[in-house]
1. For the chain, report the accessible area per residue in Å² (1.4 Å probe, heavy atoms, rounded to an integer).
2. Working from Cα positions, state the angle (0 to 90°, nearest 10) between the long axis of helix 199-210 and the longest principal axis of the chain.
3. Divide by every residue of the chain the summed helix terms, -39500 (n - 2.57) for each DSSP H run of at least 4, and state the resulting mean residue ellipticity at 222 nm, rounded to the nearest 500 deg cm²/dmol.
4. In the structure displayed, which of LYS166/LYS190; LYS89/LYS123; LYS159/LYS199; LYS155/LYS199; LYS123/LYS190; LYS123/LYS169 lie more than 30 Å apart, Cα to Cα?
5. Of the heavy-atom accessible surface of the chain (probe 1.4 angstrom), what whole percent is carbon and sulfur?
Amino acid sequence: MQASHLQFCFQLARGIAQQFGSNCEVVVHDLDSNDVEHSIVAIENGHVSGRRVGDGPSHIVLEALRGDCARLEDRLAYLTRSDDGKILKSSTIYIRDDDGRAIGVFAINYDITLMLAMEDALKGFTATQVPEREPEHISRNVADLLDELIEQSVKLVGKPVPLMNKEDKVKAIQFLNDTGAFLITKSGDKVCKFFGISKYTLYSYIDEAKN
């Protein structure tokens with residue numbers, strides 16, 4: 001690699017390592033060098049993988065050296081494992097010259113071993129019977145709650161009010177009735193105005209939904 005490319009990569013590696021701390025390893029490989037066995041020309045926080053400047057390429061870098069460098073694609077946010085068992089979240093970004101040829105690799109390896117252990121430990125506290133449901137929102141007042149219930153009824157139907165037919169509106173009204181929306185004072189007036197129906201129609205829809 002040209003000296004200008006190398007200098008920029010050195011600065012960037014140092015900056016990223018400082019920003020994200022000692023668990024973040026940043027490695028620069030020189031693919032332009034004939035010395036394949038010593039491709040690492042810069043490394044920050046090498047204790048993460050146990051490597052240092054002058055060490056050889058990783059499996060992915062070796063594949064890059066073996067294949068067509070012009071057709072290589074970056075690999076982002078994938079998992080790797082170090083020799084001593086650390087789990088790393090890794091990204092491999094190819095450094096290219098003006099012609100698009102890969103001349104180097106900028107790699108980031110973040111040690112997430114402890115985070116994974118904490119995640120497993122926390123699952124016992126955060127797991128629920130129905131994990132697919134979104135957390136319930138706590139409304140500050142009944143007016144906001146009614147607005148949210150009406151919005152949910154529209155989402156349940158899956159189409160905007162102007163496109164709803166009678167069956168759609170009955171389905172929405174049934175949802176509002178089942179969720180207790182009509183226990184809120186003057187909720188009927190607001191629902192009628194929102195769905196463009198009369199009070200008589202609202203009551204008939206509620207009765208129809210019960211049957």
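1. Solvent-accessible surface per residue comes out at 66 Å².
2. Around 70 degrees separate the two axes.
3. Helix contribution divided over all residues of the chain: -13500 deg cm²/dmol.
4. LYS123/LYS190; LYS123/LYS169
5. For the chain, the apolar C and S fraction of the accessible surface comes to 53 percent.
The values are calculated or read from the model by the stated rules, or taken from the named source; none is laboratory data. All figures in this text were calculated on a predicted structure; none of them were measured in a lab. Note: areas computed on protein heavy atoms with side chains; ligands, DNA, RNA excluded. Shrake-Rupley method; radii C 1.70, N 1.55, O 1.52, S 1.80 Å.
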